[in-house]
Amino acid sequence: MYRFLFNVFLRRLDPEFAHHLGAWTLKAMFALRLIRPSSGQEVVVAGISFPNRIGMAAGFDKDAKLVRQLHALGFGHVEIGTVTAQAQPGNTRPRLFRIPEQRALINRMGFNNEGADAVAARLAALRASGAKLPVIGVNIGKTKVVELKDAAGDYRYSAEKLAPYADYLAVNVSSPNTPGLRELQQIASLRPILEAVVEKSGGKPVFVKIAPDVTNEEAIEIAQLSEELGLAGIIATNTTISRDGIDSEIAKESGGLSGPVLAERSKELLMMLRGKLPKEMAIISVGGIETAADVIERLELGADLVQGYTGFVYFGPFWAKSLTRA
């Protein structure tokens, strides 16, 4: 039913408008109790008890407005954000594009969000409500107007504000849509950022999210630094700037590409990182996951958890529950 609705109606809408329409519909379904959380196979990762292994990747719920609703759709964890220290509008529109033939998306949203203070207040209210919640990860990034040399202080502020209300923190230095951000994956730049976040994490697990476009050598260096600093693990991967395997005029748009085209590189990095990291360090695998078979394959390759976003867009609201059932 959803695929029919998508092909006939939703794909004709502007993607960002469709996103907001979907969010409104999700809130309405939740308010009318048409959706509700269901049990899954509980798993402990990084000292946290997750209701299941399926998570919503960062980018869908930027300001923590849909946490309970996404939980009701079957996601065991919801990674909100990316949140920056300062509120910012993001890039100019249009900034989100579909490539339906490859079930892919291109986004250059640019970390549009309400800022750490506002999101912290919303999370505090959510925690105080006593509502049944999923595991909440908070993905933090650099404010666009902050110079790269001042990035560590920017991340430190966000970590200090948001850690009290997060189950874990994810450090985003891998989005292609903030100028210069990926330079922060270089070890000399990354070290002070991770040290600052760990310092202000209040003991909460800290992950770092890497790009699929890093070299294998760079990924190994990040893994070694993460182990040295006591991080909980690595999230692999973010979107790609590559357009290999995509034959579409839309592919000329700048931004990060997501969807099945990411799967092979995501799996390559997963296998390599699993071979380099101690077993107590977790890996959250993201990129190109669509089916239960994909989930099982990632777990067999060494992932502890998986996340999706683009699959949710193309397969509909009950996608997460279909994966957990399988």
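Every read-out reported here was derived from the displayed coordinates using simple, explicitly stated rules and does not represent laboratory data. Since this is a predicted model, take the numbers as computed values, not measurements. Please note: Cβ atoms are built from the backbone with ideal geometry, for glycine as well, and neighbour counts cover all protein chains shown.
Note down the nm distance, to one decimal, between modelled labels 7 Å out along Cα→Cβ at ALA292 and at GLU42.
Distance between label points: 2.3 nm.
Please go through the range 251-326 and write out the trypsin sites (Lys or Arg not before Pro) that DSSP classes as loop and that have at most 15 other C-beta atoms within 10 Å.
Details: sites: LYS252, ARG265, LYS267, ARG274, LYS276, LYS279, ARG298, LYS321, ARG325; in loops: LYS279.
Within the range 251-326, the qualifying trypsin sites (Lys or Arg not before Pro) (loop, at most 15 other Cβ atoms within 10 Å) are LYS279.
Using helices alone, what [θ] at 222 nm do you get for the chain, with -39,500 (n - 2.57) per DSSP H run of 4 or more residues, divided over all residues and rounded to the nearest 500?
On the way: 11 runs with 118 residues, N = 326.
Mean residue ellipticity, 222 nm, calculated: -11000 deg cm²/dmol.
HN-Hα J couplings of the range 73-79 from phi, Karplus 6.51/-1.76/1.60, θ = phi - 60°, integer Hz, Gly and Pro as x?
Going residue by residue, I get 7, x, 6, x, 9, 10, 9 Hz, with x marking Gly and Pro.
Based on the mean of other Cβ atoms within 10 Å per residue, sort peptides 74-82, 123-131 so the most packed one is first.
Working: 74-82: 27.7, 123-131: 12.7.
Packing proxy ranking, top to bottom: 74-82, 123-131.
Pairwise over distinct Cα atoms, reciprocal of the mean inverse distance: report the Kirkwood radius of the chain in Å, one decimal place. Don't jump to the answer; show the numbers that get you there.
Details: mean 1/r = 0.0513 Å⁻¹.
Result for the chain stands at 19.5 Å.
Put +1 on the Cβ of each Lys and Arg and -1 on the Cβ of each Asp and Glu in the range 2-325; which of THR143, VAL198, ASN112 then has its Cα farthest toward the positive end of the dipole?
Farthest towards the positive pole: ASN112.
Net charge near GLY137, counting Lys/Arg +1 and Asp/Glu -1 over other residues with Cβ under 9 Å of its Cβ? Display every interim value, and only then the final one.
Numbers: positive: none; negative: GLU79, ASP167.
That sum, taken over residues with Cβ under 9 Å, equals -2.
Sorting check: for 37-43, 191-197, which peptide has the highest mean count of neighbouring beta carbons within 10 Å, and how do the rest follow? Walk me through the numbers on the way to the answer.
Details: 37-43: 13.7, 191-197: 19.9.
Per-residue mean Cβ counts within 10 Å order the peptides as 191-197, 37-43.
In debye, nearest 20, what is the charge dipole magnitude of the range 2-325 about its Cα centre with +1 on Lys and Arg Cβ and -1 on Asp and Glu Cβ, if you could check? If you can, show how the numbers build up before the last one.
Details: 38 positive and 35 negative charges, 260 e Å.
Computed charge dipole of the range 2-325: roughly 1240 debye.
If I take R0 = 22 Å and measure r between the Cβ atoms of LEU13 and THR92 in this structure, what FRET efficiency does the formula 1/(1 + (r/R0)^6) give, to the nearest 0.05?
Details: r = 19 Å, r/R0 = 0.87.
With a Förster radius of 22 Å, E is 0.70.
Do the alpha carbons of any pairs in LYS144/LYS279; LYS65/LYS142; LYS132/LYS276; LYS27/LYS276 sit beyond 31 Å of each other, and which pairs?
Details: LYS144/LYS279 35 Å; LYS65/LYS142 21 Å; LYS132/LYS276 36 Å; LYS27/LYS276 42 Å.
Over 31 Å apart, Cα to Cα: LYS144/LYS279; LYS132/LYS276; LYS27/LYS276.
With the cut-off at 1.5 for a/c, could you classify the range 233-323 from its C-alpha gyration tensor as rounded, prolate or oblate? Spell out each step's value before the answer.
On the way: a/c = 2.36, a/b = 1.35, b/c = 1.75.
Oblate is the answer for the range 233-323, as a/c is 1.5 or above yet b/c matches or exceeds a/b.
Compute the projected area of the convex hull of the Cα atoms of the range 170-242, averaged over all viewing directions, and report it in nm² to one decimal place. Display every interim value, and only then the final one.
Numbers: hull surface 18.1 nm².
Convex hull of Cα atoms, orientation-averaged projection: 4.5 nm².
Give the shape of the range 1-95 as rounded, prolate or oblate, defined through the alpha-carbon gyration tensor: a ≥ b ≥ c are the square roots of its eigenvalues, a/c under 1.5 means rounded, and otherwise the shape is prolate if a/b is larger than b/c and oblate if not. Please list the in-between numbers first.
Values: a/c = 2.08, a/b = 1.22, b/c = 1.70.
Because a/c hits 1.5 or more and a/b fails to exceed b/c, the range 1-95 counts as oblate.
So how do 302-314, 142-154 stack up, highest first, on mean other-Cβ count within 10 Å?
On the way: 302-314: 23.8, 142-154: 17.1.
My ranking of the peptides, most packed first, is 302-314, 142-154.
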